[in-house]
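Remarks on the structure that follows.
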Amino acid sequence: MQEFLNIIDGKGVQSSNGATFQNINPANSNDIIGTFPLSGKTDIDMAVASAKAAFKAWKLTPAPKRGDILRKAGDIFERRKEELSRIMTREMGKPVFETRGDVQEAIDTCYYAATEGRRLFGYTVPSEMHNKMNLSFRTPIGVCGVITAWNFPIAVPSWKIIPALVCGNTIVFKPSDDAPHSAQIFAEILEEAGLPAGVFNVVHGKVEAGAALVDHPDVALIGFTGSTATGKHIASICGAMNKRCSLEMGGKNAQIVMDDANLELALEGVLWGAFGTTGQRCTATSRLIIHEAIYDEFINLLISRATKLKLGNGLDDTTQVGPVINERQLSKIQNYVTIGREEGALCVLGGDRDTNGDLAHGNFFKPTIFIDVLPSMRIFMEEIFGPVLSVSKATSFEHAIELANICDYGLSSSIYTANVDAAFQAMRDIEAGITYINAPTIGAEAHMPFGGIKGTGNGHREGGWTAFEIFTEWKTVYIDYSGRLQKAQIDNQ
Ligand code: UN1
């Protein structure tokens, strides 16, 4: 069995106490990918010390040069795309056509950041005094701790790591213990691209390692993607320690289908949004709100199409829906199905594991649809993170928007309609960081702001130009070339 190591200061190291954990293929429990260090505080301390030391030179490396390294990283991601996609599928399950897209997001992010190294614009602003100039520019923050989920094992880390690096920060990355192999390849690629040792460190492990990273006084910023409960806990610690944190947490994203919509398009959208990545996306379509005039018709179409989705190992090209990540998540989903039934919603498709044939060795759960779901039900409100779609009936456009907004989360949203007025009202009125018109709730592009409101985020946005806000501080500089003392607000009359 392959033994993987932490990467600290450019070297592979075991966890300080020698402990390890196994990473298992969710499509086949007999396939063990390897062992990884089960790290703790001592390992985090070493990695942070390495990142802190490397920061001194990295922050002084010209940003365009930092960008050149990231462009090379983009080239290497491109070269290794197929191999990496298969490694990702093997450890986290989603079909290879999806993991290819995951790698592509990292490639796009690298090329975007590479050119940003030649921008990172600041502002030059008139002074209120004679013979004085005011300017401002961005400076790096220091050592950034990055903690991510397993469902986008390359794309989501890249949204944090790549912009942080071009801004001149150094990193300690604690990847998900469900997708550690992908993180290892990420590190290999950055090293081959020419990133100096210590600038990017990987520490594998579980809660103990993540907690030690958040708690570390030399870590200036935490970038986190994961559950709302963990994110809020991280925020409370960062608040007490006065460190910056950027959170991307849960979602309960709704797709609205109006009676004037192109139903075939809306159908394709919800199948992809709800069951792509086995519903394990923070942007997954987990609620479907249908106008009453087409409610029965659309549900019938949906059931007949969802029944045909092919479950299987993501490495098989014909697979449309892969496994659920692990046993724990499988029982969580099963539990929500029980809750939904007890609450009085009608389960019209799925509702249990699929153990047919080869699927018996993996964590497969049938695409599941509940109809007649009311806002009072937990399956309407709570994030399940699995292939479970809750369908509700709306009596009007206003009612549909109201239902979409009855939710503690606010990440993504979608409306299918042919009415341009309704589309614009929805853009304005849906409470979410992202709204799609005539497209599903998933499909974020790397050069656009990504993030949510309410229980989903804490005011930051990843992606595009907004990522650079997270990873920089502003330095304001006043240059007085008058040769005399000029008192601002006093001598400017
Ligand atoms: C996530 O689920 O954490 O738009 C990110 C999408 C993807 C990103 C999802 N490009 O669904």
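How many residues are of a type outside the set (A, V, I, L, M), open to solvent by 80 Å² or more (accessible area, probe 1.4 Å) and modelled with pLDDT of 95 or more if we restrict to the range 479-493?
Residues of the range 479-493 of a type outside the set (A, V, I, L, M): 480-484, 486-487, 489, 491-493.
Among the residues that remain, those that are also open to solvent by 80 Å² or more (accessible area, probe 1.4 Å) are: 481, 483-484, 487, 489, 493.
So of that shortlist, the ones also modelled with pLDDT of 95 or more come out as 481, 483-484, 487.
Going through the range 479-493 one residue at a time, the tally reaches 4.
Looking across the range 255-274, the residues that are within 16 Å of the ligand (Cβ to nearest atom), of a type outside the set (D, E, K, R) and surrounded by fewer than 24 Cβ atoms within 10 Å (Cβ to Cβ) come down to LEU271, TRP272. Scan the range 385-407 for residues that are more than 19 Å from GLY455 (Cα to Cα) and β-branched (Val, Ile, Thr) and the total you get is 3.
Output the residue which, of all residues in the range 350-377 that are of a type in the set (A, V, I, L, M, F, W, C) and farther than 27 Å from ASP178 by Cβ, is most open to solvent (accessible area, probe 1.4 Å). Steps first, answer last, please.
Restricting attention to the range 350-377, the residues satisfying the condition of being of a type in the set (A, V, I, L, M, F, W, C) are 359-360, 364-365, 369-371, 373-374, 377.
Okay, now just the ones that are also farther than 27 Å from ASP178 by Cβ, so 371, 373-374, 377.
Working: ILE371: 20, VAL373: 4, LEU374: 93, MET377: 11 Å².
If we take residues in the range 350-377 being of a type in the set (A, V, I, L, M, F, W, C) and farther than 27 Å from ASP178 by Cβ, then LEU374 is most open to solvent (accessible area, probe 1.4 Å).
Among the conditions (1) within 16 Å of the ligand (Cβ to nearest atom); (2) under 19 Å from the mean Cα position of the chain (by Cα); (3) open to solvent by 10 Å² or more (accessible area, probe 1.4 Å); (4) not basic (Lys, Arg), HIS233 misses just one, which is (1). Close Cβ contacts (under 6 Å, 6 or more residues apart or on different chains) running from residues in the range 412-435 that are crowded, with 21+ Cβ neighbours inside 10 Å to residues that are hydroxyl-bearing (Ser, Thr, Tyr) and assigned to a helix (DSSP H, G or I) are absent.
Annotation for the range 201-217: at least one member residue is in contact with a Phe, Trp or Tyr (Cβ under 8 Å, 6 or more places away or on another chain) and not in a loop (DSSP other than H, G, I, E, B). Only residues that are assigned to a strand (DSSP E or B), of a type outside the set (Phe, Trp, Tyr) and surrounded by 14 or more Cβ atoms within 10 Å (Cβ to Cβ) were counted in the range 2-25, giving 8.
Got at least one residue in the range 66-77 being under 19 Å from PRO153 (Cα atoms) and among the aromatic types (Phe, Trp, Tyr)? Taking every residue of the range 66-77 in turn, at least one turns out to be under 19 Å from PRO153 (Cα atoms) and among the aromatic types (Phe, Trp, Tyr). Residues that are in a helix (DSSP H, G or I) and over 25 Å from the mean Cα position of the chain (by Cα) within the range 241-265 comprise LEU263, GLU264, LEU265, listed in sequence order. Checked against (1) surrounded by 18 or more Cβ atoms within 10 Å (Cβ to Cβ); (2) under 26 Å from ILE234 (Cβ atoms), GLU473 passes all but condition (1).
Going by what's in this entry, would THR285 be described as within 13 Å of the ligand (Cβ to nearest atom) and within 20 Å of ILE371 (Cβ to Cβ)? Answer is yes for this residue. Going by the structure shown, is ALA488 in contact (Cβ under 8 Å) with a residue 12 or more places away in the chain and closer than 30 Å to VAL125 by Cβ? It is true that ALA488 is in contact (Cβ under 8 Å) with a residue 12 or more places away in the chain and closer than 30 Å to VAL125 by Cβ. For the range 288-318, filtered to residues that are under 16 Å from GLU91 (Cα atoms) and open to solvent by less than 30 Å² (accessible area, probe 1.4 Å), the residue that is farthest from the ligand (Cβ to nearest atom) is GLY312. Count of the range 275-287 residues, restricted to those that are open to solvent by less than 10 Å² (accessible area, probe 1.4 Å) and either in the same structural domain as VAL156 (by TED's automatic domain parsing) or assigned to a strand (DSSP E or B) (or both), is 2.
Regarding VAL166, is this residue in contact with a strand residue (DSSP E or B) (Cβ under 6 Å, 6 or more places away or on another chain), closer than 24 Å to ILE69 by Cβ and surrounded by 24 or more Cβ atoms within 10 Å (Cβ to Cβ)? Answer is no for this residue. Listed by first and then second residue, the pairs linking a residue in the range 154-171 that is of a type in the set (S, T, N, Q) to a residue that is part of a loop (DSSP other than H, G, I, E, B) and open to solvent by less than 10 Å² (accessible area, probe 1.4 Å), with Cβ atoms under 7 Å apart and 6 or more places separating them unless they lie on different chains, are ASN169/GLY142; ASN169/PHE471; THR170/GLY198; THR170/VAL199.
The values are calculated or read from the model by the stated rules, or taken from the named source; none is laboratory data. On a predicted model such as this, the values are computed, not experimentally measured, just so you know. Quick reminder, even Gly has a Cβ in these numbers, built from the backbone with ideal geometry, and neighbours come from all protein chains shown. SASA here: full protein model, heavy atoms, side chains in, ligands and nucleic acids out. Shrake-Rupley method; radii C 1.70, N 1.55, O 1.52, S 1.80 Å.
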